[in-house]
Amino acid sequence: MDMFNVLTVKDTSKLIDENFSFAIESEKVTLPHATGRILKNDIIADENVPGFRRSTVDGYAVNSRDLFGASESIQSILDLKGEILMGQEALGIISVPGQCYYVPTGGMLPGGSDSVVMIEYSEKLDDTTILVSKSPSPGENVVEVGEDIRKGEVVIKKGTRLRAYEIGVLSSLGFYEVDVCKKPRIGIISTGDEVVHPSENISQGQIRDINTYLLNSLAEENGCVPVAYGLVRDEYEILKSIVEKAVNECDIVLISGGSSVGKRDNTPKVINDLENGELLVHGISVKPGKPTIIGKAKEKIIFGLPGHPLACSVIFQIMVKYYIERLTGHKETSYPISCRFKINYHKAKGREEFLPVKIEDRGTELIASPVFGKSGLITSFSKAWGYIRIGRNEEGIREGQIVSVYKF
Ligand code: AMP
Ligand code: MG
């Protein structure tokens with residue numbers, strides 16, 4: 001495959017869709033372990049919430065017709081029949097006009113009542129006589145059966161990443177155990193004769209390994225389990241055996257470095273030579289990140305990511321994340337913030353660009369400016385709040401233009 005026969009980001013995504021089946025197993029977790037996990041199936045309510053008519057206040061359950069016209073100047077007298085106890089079925093019933101029951105917040109309404117008068121609008125004359133200075137409307141201070149959740153309703157859709165709020169809903173419906181997607185396992189392999197472990201001293205010509213840790217973090221941030229396969233020298237045989245092992249043990253394999261067309265860039269050949277190995281993409285028309293490879297072996301996806309850390313992380317954000325989202329069915333919605341662009345920025349036509357930017361808060365507006373740096377400089381992304389996507393056919397950004405900035 002020709003490195004310069006590059007695909008657009010859109011065509012690459014399409015190729016991913018066509019070549020993989022996105023099957024992932026599920027597992028059961030209990031609610032205390034469900035935060036951040038992705039729901040495998042729709043949750044359908046098998047009961048109403050609440051299952052009984054509940055009061056939202058402390059007060060007297062009444063029939064609103066009995067208090068028609070009651071006010072501070074014309075108070076109505078009610079006959080107190082009893083007290084509804086918390087957590088117990090309301091056994092009493094308002095059978096005669098003018099009766100009421102005391103009901104606590106969250107208590108069940110007795111039969112024959114349709115509303116609750118807050119205790120603040122009442123005065124207790126004796127054990128059985130209540131004066132009321134307000135005329136409630138039907139349904140006032142009452143939550144009806146199924147008003148929160150209706151039996152049979154899809155309350156949470158599959159593919160939802162569970163937050164505290166969804167976990168509260170699951171709990172209210174009695175789902176203590178839920179089916180979630182198994183966390184995809186991401187194998188991480190870094191290559192390069194010049195790359196050394198961060199704890200080692202380095203000599204001239206060597207650099208410390210950034211990508212292993214960068215990718216480890218990105219995998220975790222995106223709900224996956226990173227599996228590190230260490231640093232591999234630019235030797236075909238060694239790389240091939242490690243990639244084989246990773247393909248057998250993981251759902252996704254990332255190889256950083258060696259994805260270009262250099263003498264010691266083994267990744268394309270290794271992928272081709274794996275059992276059922278197939279090279280699908282070699283080169284994407286995106287900046288940064290052009291020397292990106294996508295391959296397939298044993299139905300698993302293998303990404304050959306550019307060695308430059310910034311390019312490596314951009315390709316993770318736009319391509320690896322795309323695959324993870326297809327696998328789990330969860331699509332993260334990210335809302336950009338609008339900023340005014342600080343300078344004139346020219347871009348070559350024909351490829352999409354992801355430009356890292358920092359943001360300055362000027363009080364009345366937010367100003368975005370590019371974090372310049374050759375893609376070999378690693379601090380560019382730590383200084384950047386986010387990035388701007390500049391489309392393939394756009395020629396750049398004008399000074400003062402309003403741009404959408406997405407968080408990194
Ligand atoms: P490559 O894609 O192998 O041609 O590498 C491109 C550039 O990224 C080279 O300057 C490498 O030294 C650098 N690089 C490759 N792998 C890593 C890594 N794991 N951490 C930091 N820099 C790397
Ligand atoms: Mg290399």
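The values are calculated or read from the model by the stated rules, or taken from the named source; none is laboratory data. These numbers come from a predicted model, not from an experiment. Cβ sites come from the backbone with ideal geometry, for glycine too, and all protein chains shown count toward neighbours. Accessible surface is based on the protein model in full, side chains and every heavy atom, while ligands, DNA and RNA are left aside. Shrake-Rupley method; radii C 1.70, N 1.55, O 1.52, S 1.80 Å.
Summed over the stretch 168-217, residues that are open to solvent by 60 Å² or more (accessible area, probe 1.4 Å), free of Cβ contacts under 8 Å to residues at least 24 places away in the same chain and either touching a helix residue (DSSP H, G or I) at 6+ places or on another chain (Cβ under 9 Å) or outside any loop (DSSP other than H, G, I, E, B) (or both) total 3. Scanning the stretch 146-161 for residues that are over 21 Å from Ile38 (Cα atoms) and either out of contact with any strand residue (DSSP E or B) (no Cβ under 9 Å at 6 or more places or on another chain) or open to solvent by 60 Å² or more (accessible area, probe 1.4 Å) (or both) returns Glu147, Asp148, Arg150, Lys151.
The residue pairs whose first member lies in the stretch 255-266 and is in contact (Cβ under 8 Å) with a residue 12 or more places away in the chain, whose second member is near ligand 2 (Cβ under 7 Å from one of its atoms) and polar (S, T, N, Q), and whose beta carbons are closer than 8 Å, counting only pairs six or more residues apart or on different chains, are Ile255/Thr191; Ser256/Thr191; Gly257/Thr191; Gly258/Thr191; Asn266/Thr191.
The residues on offer are Ser76, Ser13, and the sole one that is farther than 30 Å from Gly350 by Cα and of a type in the set (S, T, N, Q) is Ser76.
Please determine whether any residue of the stretch 120-140 is open to solvent by less than 60 Å² (accessible area, probe 1.4 Å) and among the aromatic types (Phe, Trp, Tyr). No, every residue in the stretch 120-140 fails to be open to solvent by less than 60 Å² (accessible area, probe 1.4 Å) and among the aromatic types (Phe, Trp, Tyr).
Just to be sure, is Ala70 assigned to a loop (DSSP other than H, G, I, E, B) and open to solvent by 50 Å² or more (accessible area, probe 1.4 Å)?
Answer is no for this residue.
Looking at Arg340, Arg326, Arg362, just one residue is open to solvent by 50 Å² or more (accessible area, probe 1.4 Å) and under 15 Å from Ile252 (Cα atoms), and that residue is Arg326.
Looking only at residues in the stretch 249-278 that are in a strand (DSSP E or B) and open to solvent by less than 20 Å² (accessible area, probe 1.4 Å), which one is farthest from ligand 2 (Cβ to nearest atom)?
Per the stated criteria, the residue is Ile252.
Which condition from (1) over 30 Å from Phe303 (Cα atoms); (2) within 13 Å of ligand 1 (Cβ to nearest atom) is the one that Lys134 breaks? Among (1) over 30 Å from Phe303 (Cα atoms); (2) within 13 Å of ligand 1 (Cβ to nearest atom), the lone unmet condition for Lys134 is (2). What number of residues within the stretch 75-97 satisfy the criterion of being in contact with a helix residue (DSSP H, G or I) (Cβ under 6 Å, 6 or more places away or on another chain) and either open to solvent by less than 20 Å² (accessible area, probe 1.4 Å) or part of a strand (DSSP E or B) (or both)? Qualifying residue count, the stretch 75-97: 1. Checking each residue in the stretch 24-66 for being free of Cβ contacts under 8 Å to residues at least 60 places away in the same chain and open to solvent by 60 Å² or more (accessible area, probe 1.4 Å) picks out Pro32, His33, Arg65.
Residue by residue, here is whether (1) within 28 Å of Asp273 (Cβ to Cβ); (2) touching a strand residue (DSSP E or B) at 6+ places or on another chain (Cβ under 9 Å); (3) within 16 Å of ligand 2 (Cβ to nearest atom) holds:
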site: Lys182; (1), (2), (3): no, yes, no
site: Arg185; (1), (2), (3): yes, yes, no
site: Thr191; (1), (2), (3): yes, yes, yes
site: Pro198; (1), (2), (3): no, yes, no
site: Gly205; (1), (2), (3): no, no, yes
site: Thr212; (1), (2), (3): yes, yes, yes
site: Val227; (1), (2), (3): yes, yes, no
site: Leu239; (1), (2), (3): yes, yes, yes
site: Glu244; (1), (2), (3): yes, yes, no
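Every listed requirement among (1) within 15 Å of ligand 1 (Cβ to nearest atom); (2) open to solvent by 30 Å² or more (accessible area, probe 1.4 Å); (3) of a type in the set (Ser, Thr, Tyr); (4) within 18 Å of Lys300 (Cβ to Cβ) is met by Ser241 save one, (1).
Of the residues making up the stretch 287-323, those that are away from ligand 2 (no atom under 16 Å from the Cβ), open to solvent by 20 Å² or more (accessible area, probe 1.4 Å) and either more than 27 Å from Lys157 (Cβ to Cβ) or among the polar types (S, T, N, Q) (or both) are Lys287, Lys296, Lys298, Lys300, Gln317.
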